[in-house]
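Here the structure is laid out as structure tokens; the discussion comes afterwards.
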Amino acid sequence: MAEIVQFEPRASQVAQDNLEQFIRLCREDLTVGGADLPWDEDQWPSFGVTFGNLDQKTRKLKPGNAMQSPFREFAKAYFRYQQGHRPTGSKPEMRALKCVERALIESDGVADISNLNASVLDRAATLARENFSVGLAYHAGREISRLASFV
């Protein structure tokens, strides 16, 4: 069984330092998905996920559809962390992450989680309604809210 690690942000650190520490913890210390998880790859077979953008509709990543940096590193860390704490078979975090990434790009021209704000979250929820069925949009919206609380 994988060891659960709780991330504790430090109030004295700036947001960027907390983000870097969170990504490091998830990349190096967590074993959810296997100790040999191919972090640098955009496809994680042990989870059956692909870190593609909102245009990516299949598990096999199409060229040009990978999530943009620096958001991709956060997305991988957040996904692994959430799957360690509340594993799900349907992986609703991925739909939420795709919508947030697109909303960040539309808002700021760059996918950077440190630019997350209420306007970006509203746009992400709208993107979920535009791109997914009613049921999947509901679950994506719930995960967008969960992501906002986490951040």
Return the total of residues in the range 112-151 being within 15 Å of the chain's Cα centre (by Cα), part of a helix (DSSP H, G or I) and not hydrophobic (A, V, I, L, M, F, W, C).
-> 9
Counting only residues that are more than 17 Å from G84 (Cα to Cα) and either hydrophobic (A, V, I, L, M, F, W, C) or at pLDDT 90 or above (or both), how many does the range 40-61 have?
-> 12
Matching entry among R80, R142, R146, R123 (being farther than 24 Å from D36 by Cβ and surrounded by 17 or more Cβ atoms within 10 Å (Cβ to Cβ)) = R123
Report, ordered by the first and then the second residue, all pairs with beta carbons closer than 8 Å, sequence separation of six or more or different chains, a first member in the range 43-60 that is on the phi < 0 side of the Ramachandran plot and hydroxyl-bearing (S, T, Y), and a second member that is assigned to a loop (DSSP other than H, G, I, E, B) and open to solvent by less than 90 Å² (accessible area, probe 1.4 Å).
-> S46/G33; S46/G34; S46/L37; T50/D42; T50/Q56; T50/T58; T50/L61
Hey, could you check the range 1-33 for residues that are in a loop (DSSP other than H, G, I, E, B) and modelled with pLDDT of 90 or more and say which is nearest to H85 (Cα to Cα)?
-> V32
Name the single residue, out of those in the range 18-71 being in contact with a Leu (Cβ under 7 Å, 6 or more places away or on another chain) and open to solvent by 70 Å² or more (accessible area, probe 1.4 Å), that is farthest from A128 (Cα to Cα).
-> S46
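The values are calculated or read from the model by the stated rules, or taken from the named source; none is laboratory data. Just so you know, these numbers come straight off a predicted model, no measurement behind them. Glycine gets a Cβ as well: all are built from the backbone with ideal geometry, and neighbour counts include every protein chain shown. For accessibility, only protein heavy atoms count, side chains too; no ligands or nucleic acids. Shrake-Rupley method; radii C 1.70, N 1.55, O 1.52, S 1.80 Å.
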